[in-house]
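Just so it is clear, none of the values below were taken in a lab; they were calculated from the coordinates. On a predicted model such as this, the values are computed, not experimentally measured, just so you know. Note that we place each Cβ from the backbone using ideal geometry, even for glycine, and neighbour counts take in every protein chain shown.
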Amino acid sequence: MVHKWFSATGEVIGVRSPAPSIATAVGTADPSSGPGTEPAAAALLTASPEPLWIQASNVIRSEIDKGALQPGTRLPPERELCAQLNISRVTLRKALAKLVEEGALSATHGRGWYISGAGTATEREWPHTLESFTETARRMRLVPHSRVLRAAAQPASLDEAELLSIAPGTPLFHLDRVRLLDDVPIAIDISAVPLAMAPDLPAVDFETASLYQVLLDAGLNLVRADSTIESREVDPVDAPYLDLDVGKPILLLHQVVLDESGRPVLSSLVKYSGARYRLRTSFTRQPRFDRTAP
């Protein structure tokens, strides 16, 4: 039997030949479980010491590794996955976020979750969707690392308060890092998060941890980033961190990341080495209405 997944418009978005479904892999949900609860007896397995989101991640990863879920295929909608795995949407999203960070999935806002391909050209490019530096590195099959320059809570300045829609003086967690791929310096990342949103941030080791993942684990949903890009010459302060000569070009990416309600969660200024970063995007032209010639 061949399984097909369709979009709302009837477009075929995925085809899978006889292979166990995710539901088959994890067993049948316990019908006695109430809505919004995680089952007492489902094959995801309450007796296991592992959290359900890790179990769910492992199940989906296993289906990918077995070839049951092919590169480029879109996963079923989250509602179906929740029903198949008998877990909540919050648990499912933690599992999917883990797979994105590992490079097994890619997420496109508004379109769903896709199985990543192996070695495709897209995988080797910098993102045009919202993903963390760590997620990008894993997708590109490179090793991310950071040198932490500052990790401290300080009161928000007037400019920071305006950017994040908070009151001046509100405690902010400031995180400044040099970001490296395979030990090559790529960028200087200067980020700030209202401390009340994730109070445990000062205790995290950001030499290896992903700020995005820590925020996701804190229950924050990062859905959109308002961004501005400009070019500059690197100054004497930043040049050594990027292993550049003073005056070489860099790209400055200003970003404010928002949650599903439009609330600012994170502000960042990322200074990329101009020779080590490429942003690919596309533009569409709005259709013109017919006009009567004068």
> Along the principal axes of its C-alpha atoms, what lengths does segment 127-273 span, in descending order and rounded to whole Å?
Replying inline: 39, 33, 29
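When a footprinting reagent is the concern and you count Cβ atoms within 10 Å, what order do ASP235, ASP189, ASP183 take, fewest first?
Working: ASP235 11, ASP189 21, ASP183 7.
Ranked by crowding around the Cβ, least crowded first: ASP183, ASP235, ASP189.
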>> Taking the Cα centroid of segment 149-211 and of segment 219-252, what is the distance between the two, rounded to the nearest whole Å?
In response: 15 Å
